[in-house]
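Taken together, the values in this text are just the output of simple stated rules run on the coordinates, not laboratory data. Owing to the predicted nature of the structure, the values given are computational and were not obtained by experimental measurement. Backbone-built Cβ (ideal geometry, glycine too); neighbour counts: all protein chains shown.
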Amino acid sequence: MPKYIFVTGGVVSSLGKGIASASIGKLLESRGLKVTLIKCDPYINVDPGTMNPYQHGEVYVTDDGAETDLDLGHYERFTNAPLGKNNNVTTGKVYYSVISKERRGDYLGKTVQVIPHITDEIKNSIRRVARGKNFDVVIVEIGGTVGDIEGLPFLEAIRQLTIEEGHHNAINILVTLVPYIKSASEIKTKPTQHSVGKLREIGIQPDILICRSERHIAREAKEKIALFCNVRDEAVIEALDVESIYEVPVMFSNEKLDKLIMKLLNLKYKGHDLYEWRSKVLQRIKNPKREVKIAVVGKYITLQDAYKSIYEALIHGGIANDAKVHIERVDSDDIHKNGAKKYLKDVKGVLIPGGFGYRGIEGKVKAVRYAREKEIPFFGICLGMQTAVIEFARNVCGLRCANSTEFKKNTAYPVISLLEKQKGVKIKGGTMRLGLYPCRLKNATKSKSAYKKSKISERHRHRYEFNNKYKGVMEKKGLLVAGVYPKANLAEIIELENHPWFVACQFHPEFKSKPDKPHPLFKAFIGASLRLS
Ligand code: GLN
């Protein structure tokens, strides 16, 4: 039987609950425990796949092709937990299932209600993840903030689970804000008291409070929080702002959070091992030998979360090369208006991430051209690969108005086009080419020397493909298809032969990169960019 840790958030959103949950997972793994993590999202979408980045930030894709919340990205980067479609539960999924059962007649004779039917469905979704898997601990993060109307069924479900699982088998952690008020030169505990009050109204007494604060929380303040919120002094954990998210597990460990959790859950004490994390990850983040400036050219660069995994994977590529990566976020529309030189002349590498829709494309094409002609290392991902192909077709192969049929249906040169299979697809949710597919790499390519093997498999999220009709023309001019999905002969990676490092892939390598296991393509890209520095 696994133990459960429920993580909720108080006062405001964006307190880093996801990173807190991932860090707890990391700490427990470092003590030899087997963990998994679940994210519950109270919105009514079945998954975030149909939301735009302004609404949701990045959509994270798992091996099994689920389109999930970006917190699952944090979980996978920090821990070894195997995650898939069941690790993200949404209100949409829960209602979908309950309503389907009702139509089938599973509840015949009954009125179907939030309590117990919706809450039972939530509890089953949580317990299903652990069934038959030997996890020691299941960490369940509830999205949103305590007090949100839409979060109530989830809170009621974890209240019931806490009681059903019993003492020492389930605990509640509230991540809360302890603000510093400048004019009073004081930190304030009242917002936390209110959030805990709200939780207790529902019937949940938090066991631990993780207190986000920009200032040190003195012992007296901790005691006050403990007294008013009905927890022990040792259960008030200070979480100061840190430079790198990868410091959080160590900070929690210094606050003895892992020991406390193990005590509350009656888990056998095992010594912890954060040595590798400290020496391989933190040491290099804090004291890098070199630095390098990389441009990310996208259309959502003002949003913190839209390219989350890309930014993290670049940092990992830096760790692998003992270098600090300075990320220059460049708006592709600005390049479209003012030309690429203004924004890219000082950078040592250019990355174009994934995306959808025509806006921003012409600016990205200009960015590709600049990187190709100036021989700046270039890394294209998904839409980034597609724009690289369009640019090469237009400016090297002379196919002047080459385009993707996503942007121009009747283009004369559809160098990127819809897969036959996708042509009849009308439903938008969950119908892209999603999840893990194998790819075979050609010998004597940059990709092969990065991966150091021929068979790889990577995660996908797209509908459009490189059009093999143009392969011959392009290969003649020096564009090489370096990786192929053998079963359907789909181009997965392209490279330019006469360029120091120009690699673009149809898949999303950023989803499989970890700070202690940087992705080979990101490692090679940063390595190539450093050579230019
Ligand atoms: N819009 C492109 C497609 O659907 C690229 C998708 C992406 O970059 N994730 O194929």
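So the values come out like this:
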item: Value of relative contact order over the range 148-208, rounded to a whole percent, pairs C-alpha under 8 Å and six or more apart; result: 34
item: Sorted by Cβ neighbour density within 10 Å, fewest at the top, the residues His117, His167; result: His167, His117
item: 5 angstrom amide H check on Ile38, placed H, neighbours 5+ away; result: Ile139, Val140, Glu141
item: Over the chain, relative contact order from alpha-carbon pairs under 8 Å, at least 6 apart, %; result: 15
item: The range 178-306 - charge dipole about Cα centre, Lys and Arg +1 at Cβ, Asp and Glu -1, debye rounded to 20; result: 260
item: Selection from Ile181, Gly32, Ala157 lying farthest towards where the dipole of the chain points positive, charges on Cβ; result: Gly32
item: Convex hull volume of the range 62-199 per residue (C-alpha atoms, cubic angstrom); result: 168
item: Separation in nanometres of the label points that stand 7 Å from Cα toward Cβ, at Ile181 and Thr405; result: 6.3
item: Point-charge dipole on Cβ atoms (K/R +1, D/E -1) for the range 339-467, about Cα centre, debye to 20; result: 200
item: Listed residues Thr68, Val7, Ile115: farthest to the positive end of the dipole of the range 1-155 (Cβ charges); result: Ile115
item: Helix 520-532 vs. the chain, principal-axis angle (Cα, 0 to 90°, nearest 10); result: 60
item: Cβ-defined net charge surrounding Tyr358, 14 Å radius [Lys, Arg +1; Asp, Glu -1]; result: +2
item: Share of Cα-Cα pairs in the range 4-99 lying beyond 23 Å, as whole percent; result: 25
item: Rounded to whole Å, sorted largest first: equivalent-ellipsoid semi-axes of the chain, Cα gyration tensor; result: 43, 28, 21
item: Listed residue (Ile352, Gln304, Phe392) projecting farthest to the positive dipole end of the chain, Cβ model; result: Phe392
item: Equivalent ellipsoid, the range 209-257 (semi-axes from 5 times Cα gyration tensor eigenvalues, Å); result: 20, 11, 8
item: 3J(HN,Hα) from dihedral phi, the range 260-266, Karplus parametrisation 6.51/-1.76/1.60, rounded to Hz, x for glycine, proline; result: 5, 4, 5, 5, 5, 9, 6
item: Hz values of 3J(HN,Hα) by residue in the range 357-362 - Karplus curve (6.51, -1.76, 1.60), Gly and Pro given as x; result: x, 6, 4, x, 5, 5
item: Residues Gln422 and Asp333, FRET efficiency given R0 of 22 Å [Cβ-Cβ distance, rounded to 0.05]; result: 0.20
item: Check: the range 359-414 dipole with +1 on Lys, Arg Cβ and -1 on Asp, Glu Cβ, in debye; result: 180
item: Sum of -39500 (n - 2.57) over DSSP H runs of 4+, divided by residues of the chain (222 nm, nearest 500); result: -10000 deg cm²/dmol
item: Lys3 long-range amide H proximity, modeled H, under 5 Å; result: Val137, Val138
item: Interatomic Cα distance distribution for the range 259-395, bins of 10 angstrom, percent; result: 12, 35, 25, 14, 9, 6, 1
item: Partners for Lys341 among lysines (Cα-Cα distance below 21 Å; same-chain residues under 8 apart left out); result: Lys293, Lys299, Lys364, Lys366, Lys374
item: The range 226-325, relative contact order [Cα under 8 Å, separation at least 6], %; result: 24
